[in-house]
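The values are calculated or read from the model by the stated rules, or taken from the named source; none is laboratory data. Remember, predicted model here, so these are calculated numbers, not experimental data. Every residue, glycine among them, receives a Cβ derived from its backbone with ideal geometry; neighbour counts consider all protein chains shown.
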Amino acid sequence: MKKLLLLLIMLTFGVSCQEKASKNSDVQLLNGYWEIEEVTLADGAKVSYKINEDLDFFEVKNDSGFRKKVKPQFNGTYLVNDTYEKIKIDRDAKGTFIRYQTKYATWKEQIISLSKEQLILENEQNVQYQYKKPVYFTVK
């Protein structure tokens with residue numbers, strides 16, 4: 001019985017450690033291009049995006065950097081402008097957050113999930129943004 005209790009405690013502790021690690025995931029995976037795939041509104045309604053004219057480009061070094069909107073072109077290049085948001089990565093007991101700053105506003109989003117293929121962010125209004133890495137097609 002004691003062994004079963006000990007095993008149960010170890011499993012519980014192991015699961016809680018895994019959850020904490022996923023909340024503080026490697027933010028270097030954030031770097032690069034991301035395409036919005038789906039938005040889940042606070043009421044649970046979902047909006048899917050089949051085609052995107054814009055991508056989000058993140059660059060993070062030492063927990064700070066920027067996010068910029070870019071437009072992919074058919075020749076493999078991107079149209080960009082001078083507009084961007086400064087970002088800082090903050091970690092606390094509740095998770096990992098991206099804090100954005102422009103000369104007009106500041107806001108934050110929590111990183112819910114981050115992997116090489118998927119990014120899920122949630123803003124302060126409980127709206128979730130699900131991103132994927134963009135897929136490119138070559139025309140020959």
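Okay, here's what the table says:
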| item | result |
| --- | --- |
| Neighbours by Cβ (under 7 Å, 6+ apart or cross-chain): first from the stretch 87-105, among the aliphatic types (A, V, I, L, M); second surrounded by 13 or more Cβ atoms within 10 Å (Cβ to Cβ) and modelled with pLDDT under 95 | I89/V27 |
| Residue that is modelled with the highest pLDDT, among those in the stretch 70-87 that are closer than 18 Å to E35 by Cβ and among the charged types (D, E, K, R) | E85 |
| Selection within the stretch 111-140 - farther than 15 Å from E37 by Cβ, surrounded by fewer than 18 Cβ atoms within 10 Å (Cβ to Cβ) and in contact with a strand residue (DSSP E or B) (Cβ under 8 Å, 6 or more places away or on another chain) | N123, E124, Y136 |
| Extreme residue, surrounded by the most Cβ atoms within 10 Å (Cβ to Cβ), among residues of the stretch 36-69 that are of a type in the set (V, I, T) and at pLDDT 95 or above | V60 |
| Residues satisfying the stated conditions in the stretch 24-58, i.e. closer than 16 Å to T96 by Cα and not in a loop (DSSP other than H, G, I, E, B) | V27, Q28, L29, L30, F58 |
